[in-house]
1. Given H placed on each backbone N at 1.01 Å, which residues far from ILE6 in sequence or on other chains put an amide H within less than 5 Å of it?
2. Between GLU185 and ARG310, what is 0.36 nm times their sequence separation minus the Cα-Cα distance? Round to one decimal in nm.
3. Each label point is 7 Å from the Cα along the Cα-to-Cβ direction; what then is the distance between the points at GLU256 and VAL106, in nm?
4. So what J values fall out for region 154-164 if you push phi through Karplus, 6.51 cos²θ - 1.76 cosθ + 1.60 with θ = phi - 60°, rounded to Hz, Gly and Pro as x?
5. Between ALA328 and ALA230, what length in nm is gained on full extension when 0.36 nm per residue of separation is reduced by their alpha carbon distance?
6. Antiparallel DSSP bridges in region 5-127: what percent, to the nearest 5?
7. Let's test the formula: R0 of 22 Å, r as the Cβ-Cβ distance of ARG302 and ASP217. What FRET efficiency results, to the nearest 0.05?
8. Using a basic spin-label model with each label point 7 Å from the Cα along Cα→Cβ, how many nm lie between SER321 and LYS277?
Amino acid sequence: MKSLAIIGAGAAGMFCAAALREAKNLRISILEASGAPLKKVLLSGGGRCNFTNAAIDGGDPKDFYPRGARHLRKPLRAFGCGAAREFFRSIGAESKIEADGRVFPVSDDSRTVAAALEKSAAKCEMRFGFRADSLRPCGDGWEIGGERSGRRETLRADFALVATGGRWTKGLVKSVEALGGKFSEPVPTLFPLDLDRAKDGEWGKLSGVSVADARADAYANGREFSARGALLVTRSGIGGPAALKLSAFGARDFAECGYAFGLRVNWIPRVRDEDFKREILSARRAFPKRSLRNSPLFGLPRSLWEYLCRSAGVSEKLWASFSKADEAALKAALSADEMRAVGKSAHKGEFVTCGGLECGCADFKTCSLKGRPTLFFAGECLDIDGITGGFNLHAAWATAKICADSIKNFAESEGKPATN
């Protein structure tokens, strides 16, 4: 009988255990610092659990993963969205694809996904309150040490899987570094941005207003980042998919400049120059005696339109007296709205990081540390992170699946490495 110690009862750790539910000759222990498993899974998707995305199948990983895309190409081809949905269906969690490609359980309840994983891992020994802080070779296996209820405990196992998420303990970092691993410093990703203009009381009145299609461009650390999608006005700045995507691709540069940098928002990116002129001309002919603030155009929410008209200095203008200079000012306010980021804020209580074990240290055929074929890594503990929309959870499933397959091959061949 072989043994596996999984450090972390989050998405990757529990998925690996679930994927090994029918493995022969394998005893599994799961070591979790908190008092319960899958806490972030329960929070994901606003409690609905957006656990994968249809765009993964046939898509380019670099569009979804700011870090780790090159290393994920083969894993995502082997275990894509369709495969993930089938796996969860097999353990009791049926799913559905929404119009934007996001995949949720049919129940719209993250507890469905969590319960399915827990049930599949029911035969595993769970050690809650175990904060692992050391990992060292022990014979042909591994010895994991940590604190539990104020006492020192150790566990020996033939295989070890690190699935701690983005929050490594210093002891585990030192242990893996001693084995040849290298780390990128973790920094936050997937967060809304605080803006200088939020000090303006008028901006606060727009809180909750959303534009379905906007483009945001950021200029930080000498680099430019762009993102397009739905943009949400918040009391302190901007959020929504476009802002979160922007923060994902710019995470390291934004951190290095202290989250203070220039931004430009195009509220109407789908509107071409000729379309803009045509709609303005149409409004001038149709509403000559109406003020601009009372004539929302381009599908923008009325309150945002009024705000942008004030910014352009044309709010009280009548269409009959609307000049070329007014048109240029309005176009700039709508398509090149200059602002400045002054910080970041939390995204629905979720905390996602980039950073972790550098991908070059791992063999992605097995997700093991190079030169250490029985030490595995899965999920956010690797320097892999995705944009919002189910991509981070899917990276956890895909890497954990590789680990599970590798461990199963080892265990069922009595510890001999499987040939690729």
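The values are calculated or read from the model by the stated rules, or taken from the named source; none is laboratory data. Only a predicted model underlies this, so the values are computations on that prediction, with no experimental measurement involved. Quick reminder, even Gly has a Cβ in these numbers, built from the backbone with ideal geometry, and neighbours come from all protein chains shown. Just so you know, the surface numbers come from the protein's heavy atoms only, side chains and all, with ligands and any DNA or RNA stripped out. Shrake-Rupley method; radii C 1.70, N 1.55, O 1.52, S 1.80 Å.
1. Answer set, sorted by chain and number: SER29, ILE30, LEU31, LEU161.
2. Numbers: separation 125, 0.36 × 125 = 45.00 nm, distance 4.33 nm.
Extra length from GLU185 to ARG310 when fully extended: 40.7 nm.
3. Here the answer is 4.9 nm between the modelled labels.
4. Residue by residue, region 154-164 yields 10, 9, 10, 8, 6, 10, 10, 10, 8, 9, 7 Hz.
5. Details: separation 98, 0.36 × 98 = 35.28 nm, distance 2.49 nm.
The ALA328-ALA230 span can extend by a further 32.8 nm.
6. Values: 5 of 11 bridges.
Within region 5-127, antiparallel bridges account for around 45 percent of the total.
7. Working: r = 25 Å, r/R0 = 1.16.
Efficiency computed from Cβ-Cβ geometry: 0.30.
8. Label at SER321, label at LYS277, 2.6 nm between them.
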